[in-house]
Amino acid sequence: MLRPHALETTLLACAVVMAAEASAGQQITRDAWSVDLPGTWQPIPRAEIEAAKRVMVSDPSKIVYDACFQRDNHDQPFTYPYVTVQRMDYDKIGLRRRPSERTMRKLVNELSGFRIKDADEMLTDEAKTILGDHELGSASFDAERKQFQVHNASMMVAGVGKVRSVLIGYFGNEAIYQVLYCDLESNWDDAAAAGERAAIFDSFQLTPQAAYRELGFFDLGVGKLIGVVGAIGVAMVIGWAIKSALGTNKRSKEYDFPT
């Protein structure tokens with residue numbers, strides 16, 4: 001029989017092992033991409049994702065949410081922090097096929113300082129009320145990786161408070177993929193949260209079939225940039241405000257995390 005102090009030591013060791021198993025990573029794989037998430041994260045049900053998109057976007061076909069994830073200790077969808085993976089097919093946003101590096105640079109330059117009012121025809125009236133006339137932060141482009149990042153992105157979300165986010169976009173072979181991490185301003189500088197989001201972004205990658213290919217690109221005229229930039233910008237800001245669109249007290253009777 002274990003003595004009291006030995007029993008306590010054994011229980012503590014078991015708790016440590018169980019905590020480590022709970023936080024162990026998991027790889028999420030889709031047709032076009034993969035990402036590593038903490039073991040304590042779960043996918044948000046598809047029905048909840050589509051319902052939120054219908055509330056926010058006037059033409060839902062332009063922006064596809066491949067998947068959304070959040071921590072599994074919440075019983076409401078889109079509780080911060082959460083991650084969304086968005087896909088925008090080139091042919092749905094005004095590009096005939098993969099853009100050249102020159103066009104990518106133009107798009108990213110235009111994305112810096114993008115304002116909601118520049119593409120409000122893509123939003124529902126409810127989304128306009130929630131978002132106001134928000135302006136994105138600065139954007140940078142990584143030519144070697146065919147990636148862009150939006151920096152200093154934050155906004156006041158109705159019914160929620162100040163939200164911050166990081167977005168990294170990937171120019172693929174047939175679409176732009178955007179990974180968006182959103183959290184409350186009050187949680188942003190927490191060391192564990194910062195390490196968590198860095199690990200998520202570091203792990204995300206497109207499959208070889210979905211990744212950008214150098215052959216067969218084209219240049220987009222300046223006059224057509226606005227529609228593409230609008231789609232990218234709108235996809236980002238609706239990602240921030242999904243929680244507000246659903247209602248801070250909303251709880252679907254059908255909502256349950258898949259196992």
Exercise. Exactly one of (1) in contact with a Gly (Cβ under 7 Å, 6 or more places away or on another chain); (2) modelled with pLDDT of 85 or more is unmet by PRO81. Its number?
Worked result: (1)
Exercise. Do we have any residue at all in segment 192-200 that's of a type outside the set (S, T, N, Q), surrounded by 15 or more Cβ atoms within 10 Å (Cβ to Cβ) and in contact with a Ser or Thr (Cβ under 9 Å, 6 or more places away or on another chain)?
Worked result: no
For this session: Mind listing just one residue for me: the one in segment 152-180 that is small (Gly, Ala, Ser) and part of a strand (DSSP E or B) and, of those, surrounded by the most Cβ atoms within 10 Å (Cβ to Cβ)?
Result: GLY169
Problem set entry | Number of the exception - GLN149 against (1) crowded, with 16+ Cβ neighbours inside 10 Å; (2) in contact (Cβ under 8 Å) with a residue 24 or more places away in the chain; (3) part of a strand (DSSP E or B) | (2)
Seminar exercise, completed: Per the filter on segment 97-136, residues charged (D, E, K, R) and under 18 Å from ARG54 (Cβ atoms) are ASP120, GLU121, ASP125, GLU126, LYS128
For this session: Could you please let me know if MET104 is over 16 Å from the mean Cα position of the chain (by Cα) and hydrophobic (A, V, I, L, M, F, W, C)?
Result: yes
Exercise. Is there any pair with a first residue in segment 92-103 that is among the charged types (D, E, K, R) and a second that is in a loop (DSSP other than H, G, I, E, B) and at pLDDT below 80 whose Cβ atoms are under 6 Å apart and which are 6 or more apart or on different chains, and what are they?
Worked result: ARG98/PHE217; ARG102/ASP219
Exercise. Would it be correct to say that ASP89 is charged (D, E, K, R), under 16 Å from GLN178 (Cα atoms), surrounded by fewer than 12 Cβ atoms within 10 Å (Cβ to Cβ) and modelled with pLDDT of 85 or more?
Worked result: no
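The values are calculated or read from the model by the stated rules, or taken from the named source; none is laboratory data. Note that the structure is predicted; figures quoted are calculated from it, not measured. FYI the Cβ positions are ideal-geometry reconstructions off the backbone, even for glycines, and counts take in every protein chain you see.
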